[in-house]
Structure formats: structure tokens, C-alpha cells
């Protein structure tokens, strides 16, 4: 290959590489759906969960006077797909007001938000009779409860061994009511408790039973 052709080949490859890099940087990102519930005087007062199509998700669960800050957590593909499916049925919240047209008690202000690049839609309600919106809200509330159960257990494991059994009973109640979308996320901490002799026997026994129950539910 002559020096001139070599230079031309180099210029072509360099230009092609720049074009590819630019395309990657300018490619539109996946959509994100946010659920936010604000209810002063409740525990917790604020829940905000963001789930993105590529998989990155964050949660913030706190009282309003506590320090702000969201943490990352995992939401499995099946749950993410269901969230975006339900949002699609609601036209990604580009819809009429979801709120019921009646005067009822304050149950907390809920907000659904859809974001994809410059496209943004939002719907806010206190109470809704829309079954699709209700199902979507229950998934997000379940994710919040699941994370709260997990964080509580992890905290008790580190700082309050005697309080572990109370946290396990709360988890058991949530499982009884089928509130948790992905209870298998709690298996690592349950197995840690079950195998550690520093926890009381009743907590270890309950932890083993809950772990077995979750594993069996995944197989059916």
C-alpha cells in the first residue's frame, strides 16, 4: 500500500470511529418511569421510585425531615416489563386526570411520571378507580415495601440482633398478603441470618422457613 493510500485509509478509519462515537453519545436513552407518593404524617411520608428501561433503578423512602438521597436497587426484567406495559396502557400518562371525581379523605398525593429524552408526561391523583393505574401503583408500593423490609433486616443484622425476629415477622406478614413483587431479593440476608449462631434460635428458624417458602414460590 502506498503512503498516500495508507494516509487515506487512516483518515477514513479515524472519521468512521468519530462518527460511531458520536452516534453512541447522541443515541436517545431509554425511558424512565417514576412513582412518587407524598403523605405528610404517615410513615414513611415520601416514597419515590424510578425504574428505567435499561435496568437502572433508584428508591427513596423517608420522612420529610430526613436527609434527601436516592439509592440504587435492582428490579428484574419481568417487573420492569410489566411496569412499562401498564404505563403504555395509560398512554404513558398523557391522559385525563386519574383522580376520582369525589370528595374523599386525603390518602396521599401520588404521581406517575414518564420521561424519554424531551418527552415528559405526568399524572397526579389522590385516589383512582382506574384498574390499570391501581395495578401499577400496587407494583411500586410493593417495591417500596420490599426495599423497606430488606433495609430494615440489613440494619437489624448489623446493629440490633434482638430486633431481627420482629423484622422477620413483618416480612412474613408482607409475604402472607402477597405484597412483594420480587421476594427472592431478600434471600441473601435470610440465609445469612439462618446460618449465624449469634441470632436467637427463633429468628434463625423463621429465617430458614421464609427462605424455603420464597424458593418454593419461585418454582411454581
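What follows is calculated from the coordinates using simple rules that are stated; it is not laboratory data. Given the structure is predicted, the values throughout are model-derived calculations rather than measurements. Note: ideal-geometry Cβ built from the backbone for every residue, glycine included; neighbour counts use all protein chains shown.
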(request) Springs between alpha-carbon atoms under 10 Å, Gaussian network over the chain: tell me which of 173, 207, 52 tops the mean-square fluctuations. (result) 173
(request) Starting from the Cα coordinates of region 47-105, work out the convex hull volume and express it per residue in Å³. (result) 129 Å³
(request) Rank 36, 206, 103 by mean-square fluctuation in a GNM of the chain with C-alpha springs under 10 angstrom and give only the top-ranked residue. (result) 103
(message) At R0 = 41 Å, how high is the FRET efficiency between residue 70 and residue 201 if r is their beta carbon distance? Nearest 0.05 is fine.
(response) 0.65
(request) Could I have the simple spin-label model distance between residue 95 and residue 178, label points 7 Å from Cα toward Cβ, reported in nm to one decimal? (result) 2.2 nm
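With the Cα gyration tensor of region 44-193 in hand, convert its eigenvalues to equivalent ellipsoid semi-axes via √(5λ) and list them largest first in whole Å.
Values: eigenvalues 171, 62, 45 Å².
Each semi-axis is √(5λ); the values are 29, 18, 15 Å.
Please list the three semi-axes, largest first and in whole Å, of the ellipsoid equivalent to region 28-129, using sqrt of 5 times the eigenvalues of its alpha carbon gyration tensor.
Values: eigenvalues 103, 78, 24 Å².
For region 28-129, the ellipsoid semi-axes come out as 23, 20, 11 Å.
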(request) Go ahead and set up a Gaussian network model of the chain, Cα springs under 10 Å, then flag whichever of 147, 101, 63 fluctuates most. (result) 101
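So what is the calculated 222 nm ellipticity per residue for the chain, using -39500 (n - 2.57) for each DSSP H run with n of 4 or more, over all residues, to the nearest 500 deg cm²/dmol? Could the numbers behind the result be given before it?
On the way: 6 runs with 106 residues, N = 220.
Rounded to the nearest 500, it is -16500 deg cm²/dmol.
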